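Worksheet for the structure shown next.
The values are calculated or read from the model by the stated rules, or taken from the named source; none is laboratory data. Quick caveat: nothing in here was measured; it's all calculated off a predicted structure. Using ideal geometry, Cβ is built from the backbone for each residue, glycine included, and neighbour counts are taken over all protein chains shown.
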Amino acid sequence: MSAVLPDISLTDIAPRLSALAWVGMQGIDLPVTVAEGGYRRELHARVDAQVDLPAPHVKGIHMSRLYRLLETLGDDAALSPAGLLRVLQGMVDSHRDCETRNARLLIGFDLLVQRPALVTQGLSGWKSYPVQLDATLIDGTFRCRLRLTVTYSSTCPCSAALSRQIIEQAFMQDFAGLRRVDPARVAGWLRSNATLATPHSQRSEAQVAVDLARDAPTFCLLELVDRIEYAVGTPVQTAVKRADEQAFAALNGQNLMFVEDAARHIEAALRDYVEPVIYVRHLESLHPHDAVAWALPAAQRVGA
């Protein structure tokens, strides 16, 4: 095509003269590569991209320029904070004619990881961890915030204590007056009665947000996942056989936790991260509502 195509974003004046905080696109489908340690995988991401529009007379930004810059995120190079900074700077530079100074990216994807069974050798399954990268370049200052969700199981300590009391009372009633108790008889009693009462447990989730250094080579996603799962002690499982299910039951029994306990365990595990924000949610099986807790940096707490 030899004809010059009209571009009213440059030739027309905005009908109302006002600056806009952010303008851009939302929900762009894009392949991205995540690589760290021995892990490398191309994943499907959805990306939001915006720049500011401080010039009140400019009718519109150049969205095609933003889109073409985003395509570089889908190259073979793995995602990194430095790579996000390059794209953000390119977004600002490509809109100098709009007097743009600021840019932001929001990238969401599911980190897909193969996890082994607890006991059974050679058995594994896939688990996904929702990830969100929130990167901004505001007045020349870069910030990259990583948000990650990990699902785990939680068993209520109070419910466990109440259940143990019921079992204890039943045992004392059935064995009252006996001066000696045969271990085999006790074992048989336990097989039949140890579940007279069971504590409630539920699927739970921890949402963690941390800041990343601009020169970090990777996002250290797997390290963060592992720290959180180790802190709670009861990550949900994928493929299981009966031996794995039994091992999982033992983990829950040895890691009884209120929502407050889970938040504190995770907070302690992430002390060397930059300003971690921790939100824990237990989807209660006892109640129709959830139990929640937050652990925040000191500067963000009420009254700080």
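Identify the residue in segment 75-87 that is part of a helix (DSSP H, G or I) and within 24 Å of the chain's Cα centre (by Cα) and, among all such residues, is surrounded by the fewest Cβ atoms within 10 Å (Cβ to Cβ). Break it down into steps so the answer makes sense when it comes.
Going residue by residue through segment 75-87, those that are part of a helix (DSSP H, G or I) are 81-87.
Narrowing the set further to residues that are within 24 Å of the chain's Cα centre (by Cα) leaves 81-85, 87.
Numbers: PRO81: 22, ALA82: 14, GLY83: 16, LEU84: 23, LEU85: 18, VAL87: 20.
Among them, the one singled out is ALA82.
In summary, ALA49 fulfils each of the numbered conditions (1) over 30 Å from the mean Cα position of the chain (by Cα); (2) under 18 Å from ALA103 (Cβ atoms) with the single exception of condition (1). Taking the conditions (1) farther than 24 Å from VAL113 by Cα; (2) among the basic types (Lys, Arg); (3) under 25 Å from the mean Cα position of the chain (by Cα) in turn, LYS59 satisfies each one other than (3). With respect to being of a type in the set (A, V, I, L, M) and touching a Phe, Trp or Tyr at 6+ places or on another chain (Cβ under 6 Å), ALA49 falls outside the description.
Of everything in segment 250-259, what is surrounded by 14 or more Cβ atoms within 10 Å (Cβ to Cβ) and over 18 Å from the mean Cα position of the chain (by Cα)? Give them in sequence order.
Going residue by residue through segment 250-259, those that are surrounded by 14 or more Cβ atoms within 10 Å (Cβ to Cβ) are 251-252, 255-259.
Across segment 250-259, the qualifying residues are LEU251, ASN252, ASN255, LEU256, MET257, PHE258.
Could you say which residue among LEU43, LEU17 is among the aliphatic types (A, V, I, L, M) and loosely packed, with under 13 Cβ neighbours inside 10 Å?
Details: LEU43 fails: loosely packed, with under 13 Cβ neighbours inside 10 Å.
Only one candidate passes the filter, namely LEU17.
The set of residues from segment 200-212 being crowded, with 19+ Cβ neighbours inside 10 Å and of a type outside the set (Val, Ile, Thr) comprises SER201, SER204, ALA206, LEU212. Give the number of residues within segment 31-53 that are under 23 Å from TYR67 (Cβ atoms) and in contact (Cβ under 8 Å) with a residue 60 or more places away in the chain. So the count comes out to 7. ALA103 meets all of the listed conditions (1) in contact with a Phe, Trp or Tyr (Cβ under 7 Å, 6 or more places away or on another chain); (2) crowded, with 20+ Cβ neighbours inside 10 Å but one, namely (1). Scanning segment 263-275 for residues that are at pLDDT 95 or above and closer than 14 Å to LEU224 by Cβ yields ILE266, GLU267, ALA269, LEU270.
SER163 meets each of the listed conditions (1) in the same structural domain as PRO276 (by TED's automatic domain parsing); (2) hydroxyl-bearing (Ser, Thr, Tyr); (3) buried (at least 16 other Cβ atoms within 10 Å of the Cβ) apart from (1).
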